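The values are calculated or read from the model by the stated rules, or taken from the named source; none is laboratory data. The shown structure was predicted, so the numbers you read here are calculated from the model rather than taken from an experiment. Glycine also receives a Cβ, built like all others from the backbone with ideal geometry; neighbour counts cover every protein chain displayed. Side chains are part of the model used for accessible areas, which takes the heavy atoms of the whole protein and leaves out ligands, DNA and RNA. Shrake-Rupley method; radii C 1.70, N 1.55, O 1.52, S 1.80 Å.
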Amino acid sequence: MIPSNYRGSRIIVNLEAITTNIKTEINRLDETQELFAVVKANGYGHGAVEVAKAAILAGAKGLCVSNLDEALELREAGITEPIIVLSFVSLDYIKEIVEHNITVTAPSLEWLTELSQIAENSVKVHLKIDTGMGRIGLYGKEEMIQAKELIDSNDNIMIEGIFTHFSTADTKDTTHFERQQERFVEALTILGENVKYIHTSNSATALWHGAWKSNLIRYGNAMYGMNPSGHELETPFHLKQALTLESEIIRVKKMKSHEKIGYGATYETKEEEWIGTLPIGYADGLIRKFQGYECLVNGQKAEIVGRVCMDQCMIRLPEKVEVGTKVTIFGLNNGVFNSVQSGAEHVGTINYEITCGLTDRLPRFYTGGN
Ligand SMILES: *Cc1c(COP(=O)(O)O)cnc(C)c1O
């Protein structure tokens, strides 16, 4: 989808917030620990290239993405820092991996075996250990013993890192987290710790578990100023939300009492009401469940009434406003703030899914950059 520039709906990303969220975390680390900025999925919807550049200026030593295309996007933008692909990359693309100096993840013994058969010893590999996520990585003692043998007997394999991913680092209950810790320690006894990077820390592990056993921190959600736990755990320092989502009033009218609004006629005015229309809808990522969510207009709440359409939605205004008046869906409006988290709670999901779900139809603008 092309960005709709001739329309008053946009994402504004405050790069200064990203900088602050990174610097504050770096200050909590020691000098042996490096922060890598996670910019997968177009920087959680914020724009991968712009966020990556700001993150590097703020002190990030490298970047993490999810797939090879995302890594190449950063290289094409001129970024030369290390880039780790955290998920699977087929070795069919070994040429691209080598040519662009991309660090890849070994997701299985099969993949590692395939790599050993390719005469290419310059690929930096991080070994993933599945300690309790059930997703990718070496699983169980036997696989790790075999991997160790393969690595030791093969000059084609260059292991730069060993890592795992925690599934519950953002919850009060640490039972499963501790189980994963035990399994990672066990993995390290088999594989050895003689690698440049050992890492376990996503944002949550960095925030609440002292970046346990990590000299590389994979810093994602918190960098964007969101709380990975939602509101279950309080963050140890204030995170500044980078994202603003705003639209504007394109039509405003005073409607009579008992008028229906939107598809399905699910909303009926209770009295005479000022109703404004916005040029944003579910095709922008403002999903239909946002019906009932309160946007901000002139520092006042304005509820989305009726079903959200594909390209438009309607809000109930506290008073008459002019066409062109700014409407803030997330962010600050006249001193009143809507968090992405409040939107996530309204629609019953996590903050990550809200920002990732904002589509390319929304143009992205940047403030606070150098
Ligand atoms: C996405 C991802 C991260 C970043 O997680 P946040 O919770 O956003 O900090 C870290 N590690 C892996 C393996 C990931 O997939």
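One residue stands out in the range 168-208 among those that are within 11 Å of the ligand (Cβ to nearest atom) and part of a helix (DSSP H, G or I): the one that is farthest from Val125 (Cα to Cα), namely Leu207.
For every residue, the table says whether it meets (1) within 16 Å of Arg218 (Cβ to Cβ); (2) open to solvent by 50 Å² or more (accessible area, probe 1.4 Å).
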| position | (1), (2) |
| --- | --- |
| Asn67 | yes, yes |
| Ala71 | yes, no |
| Glu76 | no, yes |
| Pro82 | yes, yes |
| Val85 | yes, no |
| Ser90 | no, no |
| Ile94 | no, no |
| Glu99 | no, yes |
| Val104 | yes, no |
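Just one of the listed residues (Ala41, Ala60) is touching a residue at least 40 places away in the same chain (Cβ under 8 Å) and open to solvent by 10 Å² or more (accessible area, probe 1.4 Å), and it is Ala41.
Val340 passes every criterion in (1) closer than 22 Å to Lys256 by Cα; (2) of a type outside the set (Phe, Trp, Tyr); (3) in contact with a Phe, Trp or Tyr (Cβ under 8 Å, 6 or more places away or on another chain) apart from (1).
Does at least one position in the range 263-275 carry a residue that is open to solvent by less than 10 Å² (accessible area, probe 1.4 Å) and hydroxyl-bearing (Ser, Thr, Tyr)? Checking the range 263-275: at least one residue is open to solvent by less than 10 Å² (accessible area, probe 1.4 Å) and hydroxyl-bearing (Ser, Thr, Tyr). If the condition is being of a type in the set (A, V, I, L, M, F, W, C), modelled with pLDDT of 95 or more and open to solvent by less than 30 Å² (accessible area, probe 1.4 Å), then the range 124-158 contributes Val125, Leu127, Ile129, Leu138, Met144, Ala147. Counting only residues that are among the small types (Gly, Ala, Ser) and under 22 Å from Val38 (Cα atoms), the range 332-365 holds 3 of them.
For the range 129-150, the tally of residues that are touching a residue at least 40 places away in the same chain (Cβ under 8 Å) and either more than 16 Å from the ligand (Cβ to nearest atom) or in contact with a strand residue (DSSP E or B) (Cβ under 7 Å, 6 or more places away or on another chain) (or both) stands at 10. Listed by first and then second residue, the pairs linking a residue in the range 301-326 that is within 15 Å of Lys253 (Cβ to Cβ) and touching a residue at least 12 places away in the same chain (Cβ under 8 Å) to a residue that is surrounded by fewer than 16 Cβ atoms within 10 Å (Cβ to Cβ) and among the basic types (Lys, Arg), with Cβ atoms under 7 Å apart and 6 or more places separating them unless they lie on different chains, are Val323/Arg251.
I'd like to know if the range 224-237 contains one or more residues that are in contact with a Lys or Arg (Cβ under 6 Å, 6 or more places away or on another chain), not acidic (Asp, Glu) and not in a strand (DSSP E or B). Yes, some residue in the range 224-237 is in contact with a Lys or Arg (Cβ under 6 Å, 6 or more places away or on another chain), not acidic (Asp, Glu) and not in a strand (DSSP E or B). Only residues that are open to solvent by less than 20 Å² (accessible area, probe 1.4 Å) and in contact with a helix residue (DSSP H, G or I) (Cβ under 6 Å, 6 or more places away or on another chain) were counted in the range 317-370, giving 9.
Scanning the range 209-234 for residues that are over 17 Å from Val38 (Cβ atoms) and either under 18 Å from the mean Cα position of the chain (by Cα) or near the ligand (Cβ under 10 Å from one of its atoms) (or both) yields Gly230, His231.
The set of residues in the range 111-131 being more than 17 Å from Val98 (Cα to Cα) and among the β-branched types (Val, Ile, Thr) consists of Thr113, Ile129, Thr131. Inclusion of Ile280 among residues that are open to solvent by less than 10 Å² (accessible area, probe 1.4 Å), closer than 17 Å to Arg307 by Cα, touching a Leu at 6+ places or on another chain (Cβ under 7 Å) and in contact (Cβ under 8 Å) with a residue 12 or more places away in the chain is warranted.
Given (1) over 26 Å from the mean Cα position of the chain (by Cα); (2) within 16 Å of the ligand (Cβ to nearest atom); (3) of a type outside the set (D, E, K, R), where does Ile249 come up short, assuming only one miss? Single failed check for Ile249: (2).
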